[in-house]
Amino acid sequence: MLKPPDHQVAGHQALDGNLGPLIDGSGRFYKPLQSDERGLEEVLFYTSFASNPTVPNHIRLFFPAFHGTVTLPASNGSGPHPHLVLDDLVHGLSHPSLIDLKIGSRTWYPTSSDNYFKKCLNKDRETSSLPLGFRISGLRVYKGEGFGFWKPDKNTVKGCVTAGDVESVLRRFVSSSADSSTDCAFASVVYGGADGILARLLELKAWFEDQTEYHFCSCSVLMGFEREAAEKGREGRVMVRLVDFAHVLDGGGVIDHNFLGGLCSLIKFLKRILTDAGANVGKDPPFPENGRLE
Ligand SMILES: Nc1ncnc2c1ncn2[C@@H]1O[C@H](COP(=O)(O)OP(=O)(O)OP(=O)(O)O)[C@@H](O)[C@H]1O
Ligand SMILES: O=P(O)(O)O[C@@H]1[C@H](O)[C@H](O)[C@@H](OP(=O)(O)O)[C@H](OP(=O)(O)O)[C@H]1O
């Protein structure tokens, strides 16, 4: 039976009679096509991306698998509505801690209408997008048995504007305490390690340093882990995926510096948290004194 996702952290939600995504409980996530061109743009992106031979397989894994579209009864009771059929990224997880980070210091793009440009620019200015290159769109953190989830409301999330605010959330995301203190107890197994979130983001960054086909506007990195695995010290039980492709443009042979810059900024935050937690994050190559890389 179709129902709203249990673990959605951001975006349009199928609550209070609104149009939002549904899951079938057996691994599929149905995202309703947004009524304007955004829905069709997202279908176009998924369709062309699925058959693009230049995308390396290890990069494809960052994207939800796409299984076409299907018409289903809309969650808001408005009748049949087309939906994207995607893999449910959190299927099978019992208490995932998840955070959705919208990447890029700007969410508008050169061909945006004036209204859309103004709407996006205002949001970019009011949030951490402009100063940090990304913003938190939503999160929920499992606090352990009997404590439920920490799920700050939309206004609290929007209030995370400064580097300090954002870093504090990224610390709390990997902390063990049920209150707001941040011991970063899970930092090394979740952010660190050979298969941790930082390693995955570095892999993604290497692709963004090279690929010039796509510009991902308003796209999010969805990161997650299961506390139970982290408590047992298991590295690599983490998820790093990209979601939301309603505004993907032709890169025109130019690097997606807006996304790449945001990704670098996020990576820097995680490295700092890992360093403070005493984990080895490896060393960036030293900048040579003569200013030239040999
Ligand atoms: N394939 C998926 N599997 C599981 N959860 C998903 C999937 N895609 C999206 N989500 C959940 O839904 C949230 C919103 O996704 P998405 O950004 O695609 O929706 P949206 O309504 O277009 O958002 P926005 O309002 O930012 O445009 C994500 O933060 C995540 O929690
Ligand atoms: O971050 P918030 O406050 O949740 O706001 C939403 C977010 O900015 C989305 O990116 C945007 O969709 P687009 O990027 O596709 O425009 C959506 O617009 P909408 O409300 O017009 O759908 C907003 O509601």
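State, as an integer percentage, the relative contact order of segment 113-189 based on alpha-carbon contacts under 8 Å between residues 6 or more apart. Intermediate results must be reported in sequence, preceding the final value.
Working: 80 pairs, mean separation 16.6, N = 77.
22 percent.
For the chain, what relative contact order do you get, as a whole percent, if you take Cα pairs closer than 8 Å and at least 6 residues apart? All intermediate terms of the calculation are to be shown ahead of the outcome.
On the way: 557 pairs, mean separation 54.1, N = 294.
It rounds to 18 percent for the chain.
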Give the share of C-alpha pairs in each 10 angstrom bin for the chain, from 0 to the last occupied bin, in whole percents, shortest bins first.
6, 27, 36, 24, 6, 1, 0
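So what is the relative contact order for segment 5-75, in percent, with contacts set as C-alpha pairs under 8 Å and at least six apart? Before the final figure, lay out each step's value.
Numbers: 47 pairs, mean separation 20.1, N = 71.
Computed over segment 5-75, the figure is 28 percent.
Got a sec? How would V254, V169 order by Cβ neighbour count within 10 Å, fewest to most? Present the calculation step by step, with values, prior to reporting the outcome.
On the way: V254 10, V169 20.
The order, fewest Cβ neighbours first, is V254, V169.
Applying 1/(1 + (r/R0)^6) with R0 = 45 Å to the Cβ-Cβ distance of S168 and L44, what FRET efficiency is obtained, to the nearest 0.05? Write down the numbers at each step before the final one.
Numbers: r = 38 Å, r/R0 = 0.85.
Given R0 = 45 Å and the Cβ-Cβ separation, E is 0.70.
Considering only Cα-Cα distances, which of the following residue pairs are longer than 29 Å: K3/K205; K31/K151; K154/K232?
On the way: K3/K205 35 Å; K31/K151 22 Å; K154/K232 32 Å.
Over 29 Å apart, Cα to Cα: K3/K205; K154/K232.
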Spatially proximal lysines relative to K158 (Cα-Cα < 20 Å; intrachain offsets below 8 disregarded):
K102, K118, K119, K123
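For segment 72-134, state which chymotrypsin sites (Phe, Trp or Tyr not before Pro) are in a DSSP loop and have at most 16 other beta carbons lying within 10 Å of their beta carbon. Write out the running numbers ahead of the final one.
On the way: sites: W108, Y116, F117, F134; in loops: W108.
Sites meeting the loop and neighbour criteria: none at all.
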Please compute the modelled spin-label separation between D114 and A194, points set 7 Å along Cα→Cβ, answer in nm with one decimal.
5.7 nm
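Starting with the highest mean, order 88-101, 69-82 by the number of other Cβ atoms within 10 Å, averaged over the residues of each peptide.
Numbers: 88-101: 19.2, 69-82: 13.9.
Order by mean packing, descending: 88-101, 69-82.
As a footprinting exposure proxy, order M1, M223, M239 by other Cβ within 10 Å, with the fewest listed first. Mind showing how you got there, number by number?
Working: M1 6, M223 24, M239 17.
In order of increasing Cβ crowding within 10 Å: M1, M239, M223.
Using the crude model of +1 on Lys and Arg Cβ and -1 on Asp and Glu Cβ, and no other charge, please compute the dipole size for segment 96-276 relative to its Cα centre, in debye to 20.
On the way: 24 positive and 23 negative charges, 88 e Å.
Approximately 420 debye in magnitude.
Using the beta-carbon distance between E213 and S176 and R0 = 45 Å, what value does 1/(1 + (r/R0)^6) give for FRET efficiency, to the nearest 0.05? Before the final figure, lay out each step's value.
Values: r = 41 Å, r/R0 = 0.92.
Computed FRET efficiency for E213 and S176: 0.60.
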What is the distance in Å between the Cα centroid of segment 214-278 and that of segment 75-130?
15 Å
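Only the coordinates and a few stated rules stand behind these numbers; no lab work does. Keep in mind it's a predicted model, so treat the numbers as computed, not measured. Cβ: placed from backbone, ideal geometry, glycine included. Neighbour counts: every protein chain shown.
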